[in-house]
Amino acid sequence: MIKVEGLFKNYKTGVVEHVLRGIDLEIDSGESVALLGPSGSGKSTLLNCLGLLDSPDKGKIFLHGQEVSRLSEKERARIRLTELGFVFQFHHLIPELSALENVLLPASLLGQKPTERAKHLMQRVGLEEKAHKSPAQLSGGEQQRVAIARALINGPRILFTDEATGNLDREKALEILELLLEINREQKMTLVSVTHDSTLAMRYETKYSLQNGILKKCS
Ligand SMILES: Nc1ncnc2c1ncn2[C@@H]1O[C@H](COP(=O)(O)OP(=O)(O)OP(=O)(O)O)[C@@H](O)[C@H]1O
Ligand SMILES: [Mg+2]
């Protein structure tokens with residue numbers, strides 16, 4: 001599970017901007033959590049700290065009992081690759097690779113080539129027929145499905161998504177959201193999603209709102 005104690009984060013660009021002002025948070029293993037809040041409230045900053053992509057100025061983060069806030073960048077990279085998955089608003093697929101090759105990429109960084117697992121994941125996200133297409137030959141929703149399969153290839157315990165459906169129309173956004181929640185339930189994989197869309201957030205077990213640097217649980 002994820003535990004956060006007294007997280008602070010400032011940005012100093014001319015003036016000091018206090019983005020996170022003392023965040024405490026506990027997320028159970030397998031829980032689905034939506035992080036809401038206005039634009040600029042620090043949702044991505046918090047998610048990036050939890051996902052070891054960014055470092056807090058103060059405070060502690062525990063992932064599955066291990067304090068990760070002060071680890072070396074090498075150790076953090078290892079945890080990101082083996083235990084965490086990420087899906088962002090823009091899919092960041094490599095245009096020169098096929099969908100299937102994109103899915104295999106994080107495994108190749110561990111010296112592995114689990115082709116059958118990648119094919120299975122492509123099937124799980126409903127794209128078994130399109131595994132050999134390049135990203136440009138796929139629709140926006142399909143590209144996000146490939147990004148989800150890629151995020152799952154190393155079997156993460158936690159999946160972080162940041163406005164993963166932000167570029168899609170309502171219907172496609174709901175489909176992707178349902179897919180993420182199904183995988184969350186099937187694999188008991190913790191799901192932490194940033195969204196500005198409170199209707200989509202309703203589908204999650206737990207909802208938090210970030211405002212003025214403080215996190216509040218929504219009822
Ligand atoms: N690398 C950075 N350098 C300086 N300031 C930053 C940096 N990243 C974020 N900020 C500032 O921190 C604040 C929070 O940004 P963040 O991206 O976390 O907000 P957000 O809630 O994700 O917004 P949005 O919904 O628009 O994505 C913003 O005011 C932003 O300008
Ligand atoms: Mg953001």
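The values are calculated or read from the model by the stated rules, or taken from the named source; none is laboratory data. Bear in mind the structure is a predicted one, so any value in this text is a computation, not a measurement. Note that we place each Cβ from the backbone using ideal geometry, even for glycine, and neighbour counts take in every protein chain shown.
Tabulated results
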read-out	value
Any hit, the range 70-87, residues being farther than 20 Å from Gly111 by Cα and in contact with a Cys (Cβ under 7 Å, 6 or more places away or on another chain)	no
Top-ranked residue of the range 7-31 - restricted to ones that are touching an Asp or Glu at 6+ places or on another chain (Cβ under 7 Å) and surrounded by fewer than 21 Cβ atoms within 10 Å (Cβ to Cβ), ranked as farthest from Asp57 (Cα to Cα)	Glu31
Output for the range 121-167, where each listed residue is outside any loop (DSSP other than H, G, I, E, B) and acidic (Asp, Glu)	Glu128, Glu129, Glu142, Asp162
Residues within the range 62-91 that are away from ligand 1 (no atom under 16 Å from the Cβ), under 29 Å from Ser198 (Cα atoms) and modelled with pLDDT of 95 or more, tallied	6
Whichever residue in the range 49-75 is within 16 Å of ligand 2 (Cβ to nearest atom) and touching a residue at least 60 places away in the same chain (Cβ under 8 Å) and, among such residues, is surrounded by the most Cβ atoms within 10 Å (Cβ to Cβ)	Leu50
Complete set of residues in the range 202-219 that are within 15 Å of ligand 1 (Cβ to nearest atom) and either more than 9 Å from Ala34 (Cα to Cα) or in contact with a Phe, Trp or Tyr (Cβ under 9 Å, 6 or more places away or on another chain) (or both)	Leu210, Gln211, Asn212, Gly213, Ile214, Leu215, Lys216
Any hit, the range 185-202, residues being over 28 Å from His64 (Cβ atoms), surrounded by 18 or more Cβ atoms within 10 Å (Cβ to Cβ) and out of contact with any strand residue (DSSP E or B) (no Cβ under 8 Å at 6 or more places or on another chain)	no
Residue match in the range 2-13 (condition: hydroxyl-bearing (Ser, Thr, Tyr), within 10 Å of ligand 1 (Cβ to nearest atom), over 20 Å from Pro156 (Cβ atoms) and over 19 Å from the mean Cα position of the chain (by Cα))	yes
